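Notes to accompany the following structure.
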Amino acid sequence: MILNLMPYRASYPILKLVYSAAANAAHYRDFDKANLFITKAEVSRSTIMKKFRPRARGRGYPIKKIMCNITIVLNIVKKSKITFRST
């Protein structure tokens, strides 16, 4: 829900990735979506797409678009007994 309201350009693709990971866990592993939580979110550098933009006097200006890989690991919330102590 927080990702949905953030003003950053990358928040919507990350939100789609989280929904996709939860749907995959529910479909392939029969997990309940309500019991899943994110244990690890990692962004690693990927390939660089190189192209040239034409400039004055027949020169070329290099443009480098850096790509990234996003990994999200989900885990199940384990139900345990919570005991409260009063002192």
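Every number here is computed from the coordinates shown, using simple stated rules; none is lab data. Quick caveat, the model's predicted, so the values are computed rather than measured. Reconstructed Cβ throughout: ideal geometry from the backbone, glycine too, with neighbour counts over all protein chains shown.
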As an exercise, use a Förster radius of 30 Å and the Cβ-Cβ distance of Leu17 and Arg55 to find the FRET efficiency, rounded to the nearest 0.05. 0.25
For the chain, modelled as a Gaussian network with Cα springs under 10 Å, which listed residue fluctuates most, Thr39, Thr71, Thr47? Thr47
Percent of alpha carbon pairs in the chain separated by more than 15 Å? 74 percent
Between the Cα axis of helix 11-28 and the main Cα principal axis of the chain, the angle (0 to 90°, nearest 10) is 50 degrees
Output the relative contact order of the chain, whole-number percent, from Cα pairs under 8 angstrom with separation of 6+ residues. 27 percent
Take the chain, connect every pair of alpha-carbon atoms lying under 10 Å apart with a spring to form a Gaussian network, then pick out the residue of Lys40, Lys64, Lys16 with the largest mean-square fluctuation. Lys64
Spacing of the two label points (7 Å from each Cα toward its C-beta) at Ala26 and Lys78, in nm: 2.5 nm
